[in-house]
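Peer 1: My questions all concern the structure below.
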Amino acid sequence: MNEFKELGLRSEILKVLDEIGFAKPFPIQAEAIPHILKGKDVIGQAHTGTGKTAAFSLPLLHNIDPRVTVQALILVPTRELAIQVTNEIKKFAKYIPVKAVTIYGGQSINVQFQALKHGAHIIVATPGRLIDHVKRGSISLDNVRFVVLDEADKMFDMGFAEDIKFILDLLPEDKQVCLFSATMPAEIFRISERYMKEPQKVLIDSDELSVDTIEQSYLIVDSRDKFEHLCNQLSRKKTQTIIFCATKQRTRKLVMDLQQRGFKANAIHGDLPQSKRDNVMYRFRKGLDDILVATDLASRGIDVPQVGHVINYDVHDDPLVYFHRIGRTARAGSSGVAFTLVSGMDQESFNRVLERTEVPIKCLNKELGIEIKAYEPRRRSYGFARNNRNRFYNKRRSYQHNYYGLQSRW
């Protein structure tokens, strides 16, 4: 497939694609769009940043009827991704009279009531807030004939499986279901067996979990030296950067430490109110901040083409998370850099990453003259633990004696 016009999309869509410089479809688009245009259910798998949003939104817009409200539903795991998908649809729908409305928790429900009053053809929503609207009667799903589960693997990871089933059970029988995901956990196939009709499987690069356009490297260091090596890396690569941390507390502390060193950094995590999250993302997209420190859940939906550098400050236990993280750079075929700081206790987790990729990840220790120290897991002293446990029980019994009027031994 050489050009979008060969896919059979309507002229209004082709005009927009030409204006924004989309000439040749990515593999996920070239393979999925023809199936969706024919009304078939589709299970699509491709790496993050390879055009999944266009793969389902372009055929959706091609088939939509502007006379019918709420005929398409797109479910996503996070508010950031909901906003991103809505913006993409609005961009592609420039010459088509359809309206997309974003529904997510954290925003005033009254704001969403007002948006829905003006009519909506496409709803992009997080599951919990959508159910809230359905129960209030502000959204009717009776006319939905096209539904998408975007980043389905993360929705299941976040505990939305029952919410998704609840929503799908409310939809009309005669509907087209498309499911897009970077990975394919078992829950996805259970959903497909129950709600999809002979789905076409479009699996792009399912065996290779990395991308050739990202320069990947790592450095094995003592955990106490991580921050200094991070600052050195940031000084060498002066570009917009996302740094991943394991917890909300780590993001806050790291941002304060970076700001003290003179870096323009900000944090995004699940505890931030929506207005603050919006402001953080606005500053990062506009280049007012060079560094965004994020947790994994908060990063879903961060699509900033200027990001040239991703740093893993903490290594996640799940190797698939690594590949999702580094996909925040090298968006839409551009190039990027991914750097990981591996402390001693992280080495086992990072070895699982090294085993899952065919693209070499360069170790920088020799190049930078940093010795790799042997790491020995701290052994638990069972005798010490047992003695502590006995002291706790003895103390509790002494308290009980005192409570019942008996003489305390302490």
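Rule-based calculations on the coordinates, nothing more; no lab input. Treat the numbers as computed from the prediction; the structure is a model and nothing was measured. In this analysis, Cβ positions are derived from the backbone assuming ideal geometry, glycine residues included, and neighbour counts consider all displayed protein chains.
Peer 1: MET345 to LYS165: extension gain in nm, 0.36 nm per residue of separation minus the Cα-Cα distance?
Peer 2: 60.9 nm
Peer 1: With springs only between Cα atoms under 10 Å, which of GLY106, GLY270, GLY369 fluctuates most in a Gaussian network model of the chain?
Peer 2: With Cα springs under 10 Å in the chain, the top fluctuation among GLY106, GLY270, GLY369 is at GLY369.
Peer 1: Also, quick follow-up: Nearest 10 degrees is fine. How inclined is helix 127-136 to the longest principal axis of the chain, computing both from alpha carbons?
Peer 2: 60 degrees
Peer 1: With a 10 Å Cβ neighbour count serving as the proxy for reagent exposure, in which order, fewest first, do HIS121, HIS316 appear?
Peer 2: Sorted ascending by nearby Cβ count, the order is HIS316, HIS121.
Peer 1: Using the alpha-carbon atoms, what tilt in degrees (0 to 90, nearest 10) does helix 79-92 show relative to the longest principal axis of the chain?
Peer 2: The helix 79-92 is inclined about 20 degrees to the chain.
Peer 1: With the chain treated as a Gaussian network of Cα nodes joined by springs under 10 Å, which of VAL310, VAL255, VAL16 yields the largest mean-square fluctuation?
Peer 2: Highest fluctuation among the options: VAL16.
Peer 1: For the residue pair MET256 and ASP174, what label-to-label distance in nm results when each label sits 7 Å from Cα along the Cα-to-beta-carbon direction?
Peer 2: 6.1 nm
Peer 1: Right, next: Please report TYR95, TYR322 as a ranked list, fewest other C-beta atoms within 10 angstrom at the top and most at the bottom.
Peer 2: Lowest to highest Cβ neighbour count: TYR95, TYR322.
Peer 1: Can you tell me, using C-alpha contacts under 8 Å and at least 6 residues apart, the relative contact order of region 4-203 as a whole percent?
Peer 2: Averaging sequence separation for qualifying contacts and normalising by length gives 28 percent for region 4-203.
Peer 1: Let me ask another. With an 8 Å cut-off on Cα pairs and a minimum separation of 6 or more residues, tell me the relative contact order of the chain in percent.
Peer 2: About 17 percent, as a whole number.
Peer 1: Per DSSP H run of n ≥ 4, the term is -39500 (n - 2.57); total these for the chain, divide by its residue number, and report the mean residue ellipticity at 222 nm rounded to 500 deg cm²/dmol.
Peer 2: -12500 deg cm²/dmol
Peer 1: Let me ask something else about it. Which value, in debye to the nearest 20, describes the size of the charge dipole of the chain about its Cα centre when Lys and Arg Cβ atoms bear +1, Asp and Glu Cβ atoms bear -1, and nothing else is charged?
Peer 2: I would put it at about 1920 debye.
Peer 1: Rounded to the nearest 20 debye, what is the charge dipole size of region 214-368 about its Cα centre when +1 sits on each Lys and Arg Cβ and -1 on each Asp and Glu Cβ?
Peer 2: 640 debye
Peer 1: Using a 7 Å offset from Cα along Cα-Cβ at LYS15, what residues in region 97-114 end up with backbone N under 15 Å from the label point?
Peer 2: Backbone N within reach: 97-98.
Peer 1: While we're on this one: Over the Cα atoms, compute the radius of gyration (one decimal) and Dmax (the largest Cα-Cα distance, rounded to a whole number) for the chain, in Å.
Peer 2: Here Rg and the maximum Cα pair distance are 24.8, 90 Å.
Peer 1: Tell me, what ³J(HN,Hα) does each residue in region 162-170 have, in order and in whole Hz, if you take phi through Karplus 6.51 cos²θ - 1.76 cosθ + 1.60 with θ = phi - 60° and put x for Gly and Pro?
Peer 2: 5, 4, 5, 5, 4, 5, 4, 5, 7
Peer 1: Mind checking the full-extension length gain between VAL68 and PHE189? Use 0.36 nm per residue of separation minus the Cα-Cα distance, one decimal, nm.
Peer 2: Separation in residues times 0.36 nm, less the Cα-Cα distance, equals 40.5 nm.
Peer 1: Grab the beta carbon distance between LYS117 and ILE372, set R0 = 51 Å, and tell me the FRET efficiency rounded to 0.05.
Peer 2: After rounding, the FRET efficiency stands at 0.25.
Peer 1: Determine ³J(HN,Hα), in whole Hz, for all residues of region 26-34 in sequence, where each value follows from phi through the Karplus function 6.51 cos²θ - 1.76 cosθ + 1.60 and θ = phi - 60°; x replaces Gly and Pro.
Peer 2: 6, x, 4, 6, 4, 8, 7, 4, x
Peer 1: Here is a follow-up. Ranking MET281, MET345, MET155 by Cβ neighbours within 10 Å, fewest first, what do you get?
Peer 2: Starting with the residue having the fewest Cβ neighbours, the order is MET345, MET281, MET155.
Peer 1: Right, another one. Which pairs break 20 Å Cα to Cα here: LYS15/LYS91; LYS94/LYS197; LYS15/LYS40?
Peer 2: From the list (LYS15/LYS91; LYS94/LYS197; LYS15/LYS40), the Cα-Cα distance tops 20 Å for LYS94/LYS197; LYS15/LYS40.
Peer 1: Compute the long axis of helix 186-195 from its Cα atoms, compare it with the longest principal axis of the Cα atoms of the chain, and write down the angle in degrees, 0 to 90, nearest 10.
Peer 2: 30 degrees
Peer 1: With loop defined by DSSP as not H, G, I, E or B, and exposure as at most 16 other Cβ atoms within 10 Å, which is the longest segment of the chain clear of exposed GluC sites (Glu not before Pro)?
Peer 2: Excluding the exposed sites themselves, the longest stretch runs over 4-172.
Peer 1: Oh, and also: Taking Cα pairs under 8 Å and at least six residues apart, what relative contact order does region 137-272 come out at, in percent?
Peer 2: Computed value for region 137-272: 18 percent relative contact order.
Peer 1: Translational diffusion coefficient of region 149-264 at 4 °C, 1.567 mPa s, Stokes-Einstein with Kirkwood Rh over Cα pairs, in µm²/s as a whole number.
Peer 2: D, rounded to a whole number, is 70 µm²/s.
Peer 1: For region 4-203, give the magnitude of the charge dipole about the Cα centre (Cβ charges: +1 Lys/Arg, -1 Asp/Glu; no others), in debye to the nearest 20.
Peer 2: 520 debye
Peer 1: Show me, for region 313-319, the HN-Hα J-couplings you get by feeding each phi into the Karplus relation (A = 6.51, B = -1.76, C = 1.60, θ = phi - 60°), rounded to Hz, glycine and proline as x.
Peer 2: 6, 10, 8, 7, 5, 8, x
Peer 1: Right, another one. Find out how many positive minus negative residues lie around LYS94, taking Lys and Arg as positive, Asp and Glu as negative, among other residues whose Cβ is under 11 Å from that of LYS94.
Peer 2: Summing Lys and Arg as +1 and Asp and Glu as -1 gives +1.
Peer 1: Farthest toward the dipole's positive end in the chain, which of GLY270, ALA93, ALA338, given Cβ charges of +1 (Lys, Arg) and -1 (Asp, Glu) about the Cα centre?
Peer 2: GLY270
Peer 1: Another question about this same structure. Mind checking the alpha-carbon convex hull of region 179-322 and giving the volume per residue in Å³?
Peer 2: Here the figure is 154 Å³ per residue.
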